[in-house]
Amino acid sequence: MKRQLGVFERAPALTAEHAPFNVVVVLRLVGPPAPEILRRAFEILQARHPLLGARILARGSRRYFEPADGRAVPLRVVDRQGDDHWRAVAEGELDASLDAAAGPLLRGSVLRSPEGTRGEIVLCFHHAIMDAASGVRLCGELLSLCAAIAAGRTVESAVSEPAADFRFPPAFRGLRRLRPLASFVLRQLADEAMFRWRSRNARRPTVHRRASCRTLVFEVSEETTARLARRARRRRLTVASALQAALLLAVSRHLYGGRRQPLRSFTFPDLRPYLRPPVPADRLGSYFAVVRFTAAISGRRDFWQLAREIHERIHAANRRGEKYAAAFLSYHTMRWLRRARWARVGAAALSYTVVAR
């Protein structure tokens, strides 16, 4: 496999050249597979998904996927020090860049307790080849392979990633996309100007040169999760909107003392169903957009009212096709951010998972 990076892959690749931009997945398991089984499963996955055996090389301003000379997925075996040890490993993976020029674009760690009854698999992917949709499927595929290998069953290594030319819908092709792109840029510039005006003299935290990632884990019971989903459904809202409202209220209360303050947040729409042709669910890759919005937050805001505002802003952005504009301009936006001396990017990310039985 050798090809030039596409429109969805160039921005993550450029970002990763500036700072670590990894996708880290933690699988917490009862009876984790032995390292030799994991290595065999990785070999099969690399044969099935060429991107897992690729590297990224630059040729001038262009970047290409090329085979990583048959390099195996690096697998580190770690003695498990307790139930929370995986957090330190995951934080380290978030802070350590992948060597994209050498490849492969995936590495793994397995944490095993002395008795082998509990453990974790920590996977670190380059964001140019991984998004949430493909990550969920790939992890399921990995665990299925481990189970089959441990049981001595025969598994296939057929490539499941056929070449295809995925394009935006007709309204975002050629000259027709100029009008929605211009409207999107004007809205973003107006939002930028308003945000800076309203947030003047606000908290400006120091940028630490040795800043590192941290994970904060909050576990919610199945009963509480079901109740939240029911209440959101009655209000015709998504659970994601409710969780985003909770994150923004927490930031407002803990960092700004509950004062009224414009805060920025992002939504990450999956573009797979909207491309032409639609991207198959089993295709590994990065097919998402980053759409920004600003909301006025104070510690006294009603939670469900804020969730409604977030839901409607996301819905309006989708109606205007902003997910296509954001994806199309993502590479150029990141190039501009890297060159701008007055801009910086900070993040508090909300990741929610479920227990897979």
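The values are calculated or read from the model by the stated rules, or taken from the named source; none is laboratory data. What you see is a predicted model, and the numbers here were worked out from it, not measured in a lab. We place every Cβ from the backbone using ideal geometry, glycine too, and count neighbours over all the protein chains shown. The area values use the complete protein model at the heavy-atom level, side chains included, leaving out ligands, DNA and RNA. Shrake-Rupley method; radii C 1.70, N 1.55, O 1.52, S 1.80 Å.
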Item to check | Within segment 75-89, tally of residues that are of a type in the set (A, V, I, L, M) and in a strand (DSSP E or B) | outcome: 3
Next on the checklist: Could you list, ordered by first residue, the pairs with Cβ atoms under 7 Å in which the first is in segment 251-277 and under 15 Å from Ala296 (Cβ atoms) and at pLDDT 90 or above and the second is charged (D, E, K, R) and open to solvent by 30 Å² or more (accessible area, probe 1.4 Å), at least 6 apart or interchain?
Outcome noted: Pro262/Arg198
Item to check | Selection from segment 250-289 of residues that are aliphatic (A, V, I, L, M) and either within 20 Å of Arg196 (Cα to Cα) or open to solvent by less than 10 Å² (accessible area, probe 1.4 Å) (or both) | outcome: Val251, Leu255, Leu263, Leu271, Leu275, Leu284, Ala289
Item to check | Subset of segment 314-324 (residues that are surrounded by 18 or more Cβ atoms within 10 Å (Cβ to Cβ) and not aliphatic (A, V, I, L, M)) | outcome: Gly321, Glu322, Lys323, Tyr324
Checklist outcome for this item: Of (1) in contact with a Leu (Cβ under 8 Å, 6 or more places away or on another chain); (2) under 29 Å from Leu329 (Cα atoms); (3) open to solvent by less than 40 Å² (accessible area, probe 1.4 Å), Val185 satisfies every one except (3)
Item to check | Within segment 174-211, considering residues that are in contact with a strand residue (DSSP E or B) (Cβ under 7 Å, 6 or more places away or on another chain) and more than 20 Å from Leu337 (Cα to Cα), the one modelled with the highest pLDDT | outcome: Arg198
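Output the residue which, of all residues in segment 301-313 that are open to solvent by 30 Å² or more (accessible area, probe 1.4 Å) and within 23 Å of the chain's Cα centre (by Cα), is nearest to Leu189 (Cα to Cα). Give the steps one after another, and end with the answer.
Within segment 301-313, the subset open to solvent by 30 Å² or more (accessible area, probe 1.4 Å) is 301-305, 308-309, 311-313.
Of the ones still in play, those that are also within 23 Å of the chain's Cα centre (by Cα) are 311-313.
Working: His311: 22, Glu312: 20, Arg313: 17 Å.
Applying the filter and picking the extreme gives Arg313.
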Checklist entry - Which pairs do you get when a residue that is in contact (Cβ under 8 Å) with a residue 40 or more places away in the chain, found in segment 1-20, comes within reach of a residue that is small (Gly, Ala, Ser) and assigned to a helix (DSSP H, G or I), reach meaning Cβ atoms under 7 angstrom, with the pair 6+ apart or on two chains? => result Leu5/Ala13; Val7/Ala327; Phe8/Ala327; Ala11/Ser330
Checklist outcome for this item: Going through segment 207-228 in order, the residues found to be open to solvent by less than 70 Å² (accessible area, probe 1.4 Å) and hydrophobic (A, V, I, L, M, F, W, C) are Cys213, Ala226, Leu228
Next on the checklist: Test of understanding: among Ser221, Ser157, which residue is in contact (Cβ under 8 Å) with a residue 12 or more places away in the chain and of a type outside the set (A, V, I, L, M, F, W, C)?
Outcome noted: Ser157
Item to check | Failed criterion for Leu175 (all others in (1) closer than 30 Å to Pro277 by Cα; (2) more than 20 Å from the chain's Cα centre (by Cα); (3) surrounded by 12 or more Cβ atoms within 10 Å (Cβ to Cβ) hold) | outcome: (3)
Item to check | segment 322-342 residues that are over 13 Å from Val7 (Cα atoms), paired with ones that are open to solvent by 30 Å² or more (accessible area, probe 1.4 Å) (beta carbon under 6 Å, 6 or more apart) | outcome: Arg338/His18
Item to check | Candidate set from segment 132-162 (those that are at pLDDT below 90 and in contact with a strand residue (DSSP E or B) (Cβ under 8 Å, 6 or more places away or on another chain)); member that is most open to solvent (accessible area, probe 1.4 Å) | outcome: Ala132
Next on the checklist: Being open to solvent by less than 20 Å² (accessible area, probe 1.4 Å) and of a type in the set (Val, Ile, Thr): is that true of Val110 here?
Outcome noted: yes
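Quick grid of which residues meet (1) in a helix (DSSP H, G or I); (2) under 24 Å from Phe42 (Cβ atoms); (3) out of contact with any helix residue (DSSP H, G or I) (no Cβ under 7 Å at 6 or more places or on another chain):
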{"position": "Glu156", "(1), (2), (3)": "no, yes, yes"}
{"position": "Ala190", "(1), (2), (3)": "yes, no, yes"}
{"position": "Arg203", "(1), (2), (3)": "no, no, no"}
{"position": "His208", "(1), (2), (3)": "no, no, yes"}
Checklist entry - Do any residues in segment 183-209 that are more than 14 Å from Ala295 (Cα to Cα) have Cβ atoms under 9 Å from those of residues that are open to solvent by 100 Å² or more (accessible area, probe 1.4 Å), where the two are at least six apart or on different chains, and which pairs are they? => result Ser183/Arg320; Phe184/Arg320; Arg187/Arg320; Ala202/Arg259; Val207/Arg344
Item to check | Residue match in segment 236-249 (condition: assigned to a loop (DSSP other than H, G, I, E, B) and surrounded by 12 or more Cβ atoms within 10 Å (Cβ to Cβ)) | outcome: yes
